[in-house]
Amino acid sequence: MSEQSRSEPFPAGDASFRRVVEWAPTAMVMVDHEGRIVLVNAQAERLFGYARDELLGESVDRLVPSRLAGHHPAYRAGFFADPHPRPMGSGRDLFARRRDGSEFPVEIGLTPIEAGGSFMVLAAVVDITERKRQEERFRRVVEFAPSAMVMVDRSGRIVLVNAQTEQLFGYPRQALIGEAVEMLVPERLRGEHRQFRSGFFHAPLARPMGVGRDLFARRADGSEFPVEIGLNPIDTDEGTMVLASIVDITERRRVQQTLENALQEKTVLLNEVHHRVKNNLQVISSLLNLQATHASDPRLRNILAESQSRVRAMALTHQLLYERKDFSRIDLGEYLDRLTQLLLSSYREDSARIALRCVLPGEPQFLDLERAVPCGLIVNELVTNAFKHAFPAGRGGAVQIELTAVGAELDLAVSDDGVGLPEGFDLAGVTSLGLQLVPLLADQLRGRFTVASGEGARFALRFPLALPTRRSR
């Protein structure tokens with residue numbers, strides 16, 4: 001070959017065209033009808049490792065791996081028989097060969113160029129080594145994922161599955177690839193599944209599938225099983241696809257059902273326990289009442305009546321738990337309102353001259369059983385004390401129970417407009433069993449108890465709405 005043919009391989013070429021090719025961001029190689037290289041750019045030199053003079057006039061097969069070179073002339077002849085722009089080797093993996101003999105994966109775009117009454121082909125060559133590496137990494141991640149992974153294209157065809165999918169559904173991989181994904185959906189659900197799939201591709205965002213619905217899948221043997229499915233859109237050269245992560249939740253459902261059954265049994269048991277405790281306390285109250293009617297000593301009758309009132313206050317907590325079917329807590333306001341009615345019935349003879357009112361906050365204030373009982377007993381003792389001592393000699397007046405929420409604390413007060421407390425009254429020095437119980441019960445609530453006297457008496461207890469959790473040692 002002459003020096004002129006090497007330096008001017010494409011004498012009809014346009015200078016502007018040469019500049020465009022030279023400064024293209026991808027490797028560009030122009031080949032004539034006989035397969036000889038007539039033009040390369042700087043990117044081609046860098047990509048293949050050849051100097052330009054080493055390529056011009058040589059066969060393009062030099063850039064093709066030896067194992068593939070035998071097929072290349074036939075592909076080249078096919079292109080020149082029908083020269084139109086298209087990707088090369090559609091559906092095949094393409095490889096190129098560097099000067100040092102190493103191979104690398106490529107994508108090649110072919111464009112026919114008319115020159116001197118004949119066609120040449122301009123090939124744009126892109127090294128896709130990094131892309132292939134990323135694809136392989138993605139495939140490995142999918143393949144070894146702990147859950148079944150199924151990739152589906154826009155038309156609903158399966159393009160990728162992993163080993164967990166084969167194991168979960170009972171299909172070999174080759175039986176799934178290229179098939180409609182609806183083969184993994186129970187027949188009764190396939191129609192709506194197509195609609196949901198279309199909806200996903202209209203707004204492809206990562207999200208769980210079928211929020212609020214029970215999802216089921218179908219195995220190769222036709223059996224159905226409950227699943228959870230996460231959907232992730234994946235951008236590919238073929239367009240957006242969806243990668244579905246599928247988890248069999250059969251065992252989770254079984255455990256959940258077992259827990260629900262156990263919870264139901266526990267609820268029934270607790271309901272029965274509170275019902276029986278309430279009934280037993282009512283029996284005790286009736287026995288105390290019966291004993292009081294047979295006691296001739298007025299002082300003993302009063303003692304028995306006070307004990308009966310305490311038992312009824314405790315029984316009321318179990319009654320509310322039984323009625324509301326919430327065994328962890330009761331509304332303190334509702335409890336105090338019901339306790340007020342019980343106390344009024346106990347002092348029926350005095351209720352004509354002594355009013356008993358209960359003032360409650362607008363919002364429910366919940367307490368557990370362990371602390372509701374001390375609250376009830378405190379109110380019971382203070383109201384009983386007011387009815388007995390605040391209104392002597394037939395005097396009229398009012399007793400008020402008041403519950404107030406103060407931040408994270410509650411104020412519980414019992415006040416009256418009676419004669420007030422004796423001069424020098426000291427709660428620590430009282431001999432009455434009921435008032436002796438009040439400080440002890442207040443300590444159980446971790447509360448602060450105060451007493452005030454003036455026009456009547458006021459006993460107030462402030463305690464935390466929720467006790468701090470105990471730290472394990």
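A few notes on this one:
- Failed item in (1) out of contact with any helix residue (DSSP H, G or I) (no Cβ under 7 Å at 6 or more places or on another chain); (2) assigned to a strand (DSSP E or B); (3) not polar (S, T, N, Q), with PHE200 passing the rest: (2)
- The range 353-383 - residue that is in contact with a Ser or Thr (Cβ under 7 Å, 6 or more places away or on another chain) and in a helix (DSSP H, G or I) and, of those, surrounded by the fewest Cβ atoms within 10 Å (Cβ to Cβ): LEU369
- Subset of the range 40-59 (residues that are touching a residue at least 40 places away in the same chain (Cβ under 8 Å), among the aliphatic types (A, V, I, L, M) and either within 18 Å of GLU103 (Cα to Cα) or out of contact with any helix residue (DSSP H, G or I) (no Cβ under 6 Å at 6 or more places or on another chain) (or both)): ALA44, LEU47
- Residue match in the range 38-55 (condition: of a type in the set (A, V, I, L, M) and at pLDDT below 90): no
- Residues in the range 338-352 that are over 24 Å from HIS318 (Cβ atoms) and surrounded by 15 or more Cβ atoms within 10 Å (Cβ to Cβ): ASP350 only.
- All conditions in (1) of a type in the set (Lys, Arg); (2) out of contact with any Asp or Glu (no Cβ under 9 Å at 6 or more places or on another chain); (3) assigned to a helix (DSSP H, G or I) hold for ARG348, with the sole exception of (3).
- Test for ARG137: is it of a type outside the set (Gly, Ala, Ser), out of contact with any Ser or Thr (no Cβ under 8 Å at 6 or more places or on another chain), under 30 Å from GLY178 (Cα atoms) and in the same structural domain as MET241 (by TED's automatic domain parsing): yes
- Annotation note: of ALA413, ALA386, ALA405, ALA390, the sole residue that is touching a residue at least 60 places away in the same chain (Cβ under 8 Å), in the same structural domain as VAL451 (by TED's automatic domain parsing) and surrounded by fewer than 20 Cβ atoms within 10 Å (Cβ to Cβ) is ALA405.
- Pairing residues of the range 431-445 that are more than 11 Å from ASN385 (Cβ to Cβ) with residues that are among the small types (Gly, Ala, Ser) and modelled with pLDDT under 85, at Cβ distances under 8 Å and at least 6 apart in sequence or on separate chains, gives PRO439/ALA428.
- Only listed residue being more than 30 Å from GLY178 (Cα to Cα) and either assigned by TED's automatic domain parsing to the domain that holds LEU176 or of a type in the set (Asp, Glu) (or both), chosen from GLU265, GLU228: GLU265
- Of the set (1) under 25 Å from ALA355 (Cα atoms); (2) outside any strand (DSSP E or B); (3) not hydrophobic (A, V, I, L, M, F, W, C), all apply to ASP411 but (2).
- GLU306 in a helix (DSSP H, G or I), at pLDDT below 80 and among the acidic types (Asp, Glu): yes
- Sole exception among (1) farther than 15 Å from LEU243 by Cβ; (2) in contact with a helix residue (DSSP H, G or I) (Cβ under 9 Å, 6 or more places away or on another chain) for LEU160, by number: (1)
- Where a residue in the range 229-251 is within 15 Å of ARG139 (Cα to Cα) and in contact (Cβ under 8 Å) with a residue 12 or more places away in the chain and its partner, wherever it lies, is charged (D, E, K, R) and buried (at least 16 other Cβ atoms within 10 Å of the Cβ), with Cβ under 7 Å and at least six apart: MET241/ASP153
- Of the strands (runs of 3 or more DSSP E) lying entirely inside the range 80-187, those containing at least 1 residues that are closer than 30 Å to ASP61 by Cβ and aliphatic (A, V, I, L, M) are 94-97, 103-115, 118-127.
- The range 183-201 residues that are at pLDDT 90 or above, paired with ones that are surrounded by 11 or more Cβ atoms within 10 Å (Cβ to Cβ) and among the acidic types (Asp, Glu) (beta carbon under 7 Å, 6 or more apart): PRO186/GLU224; ARG190/GLU182; HIS193/GLU182; ARG194/GLU182
The values are calculated or read from the model by the stated rules, or taken from the named source; none is laboratory data. Note that the structure is predicted; figures quoted are calculated from it, not measured. Here Cβ is always computed from backbone atoms with ideal geometry, including for glycine, and neighbour counts include all displayed protein chains.
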